[in-house]
Amino acid sequence: MNDEERLFIGVFPGGLSYADRSRDYARLAFLDYSSLELTLEPDCPPDLAAEILVSAKRVQGQWGNPYVVSSCQQTVMLGSALKPAQSPRVTFSLQSRGVDYDPMKVIGRAVRKRQPQVALAMAADPSFALTAEQLDKLIEQAVIQVGDVELLNALFARRAEQGDVSQEVLARALRAAALQDPSVAQCLVDHGADLFLRSGQYLLARAAIFDNTDLVRYLHECGVKASPKLDADLLQKIEEMTVTASMTPG
């Protein structure tokens, strides 16, 4: 039974109840219609937490709209208890209840499944304790897997609380951005990555290999030059892409 098959979502008058079919419908989480607050149970398995957060995000995104809660089309107003300035919350009361719950498993799973908004909700929540090493790893994973700038900014904000990210980590993340939109490379530069170390030349070469013309244009505008040690054919390709990029409106 896969995760989607395991997860049961019950529609009740007060909210959505999430349960695990494989464990006799053990309750995993509850989403309150009025507050749109999602509360995860302390024994919610990390492999199902991401699935629950995806579902809850969809419902929270309908804040202010009627939501059908019965077969006879009865509805409730989502977020009726929230004030305009408030936002739906995800409650992680797990550490405070003494449960050993690894946030890396949940956030990392959301990143690997390319669910940046789910990872963002968790990464921004201070009740998830993350070490500097874990955040460094998540930054690299976020670049490789999803290339989401909002998620990267949230991870960098958490990381800044524990000191600066090393140039080694930033260089690895920058080299991994070859398949992504130029905004990802720009985000890394904004957070201290140096394009004029070897990582910038490596990124330019990789962008050319993967025909990422937008990224080649960005790097060209930043003044990054191709390494003369590259294969002659690749140097020629970079030169041609650079000319094309400079002639194409941004």
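Only the coordinates and a few stated rules stand behind these numbers; no lab work does. The structure presented is a predicted model; accordingly, all values stated were derived computationally and were not measured. Because the Cβ atoms are built from the backbone with ideal geometry, glycine has one as well, and the counts that use them run over all protein chains shown.
Annotations
- Neighbour counts of C-beta atoms inside 10 Å place Asp148, Asp211 in the sequence Asp211, Asp148, starting with the fewest.
- Fewest-first sequence of Ser71, Ser199, Ser166 by Cβ atoms within 10 Å of each Cβ: Ser71, Ser166, Ser199
- Residues of region 12-26 with amide N under 15 Å of the 7 Å Cα→Cβ point at Ser70: 12-15
- Modelled FRET efficiency - R0 22 Å, Thr244 with Tyr202, Cβ distances, 0.05 increments: 0.55
- Sorting the Cα pairs of region 133-236 by distance into bins of 10 Å, from 0 upward, gives 16, 51, 26, 7, 1 percent per bin.
- Lys225/Asn2 FRET efficiency (R0 41 Å; Cβ-Cβ; nearest 0.05): 0.25
- Candidate aspartates and glutamates for bridging to Lys225, where Cα separation is under 16 Å - those fewer than 8 sequence places away on the same chain excluded: Asp194, Asp214, Asp233, Glu239, Glu240
- Given their separation in residues at 0.36 nm each and the Cα-Cα distance between them, Arg21 and Glu150 gain 43.0 nm when the chain is fully extended.
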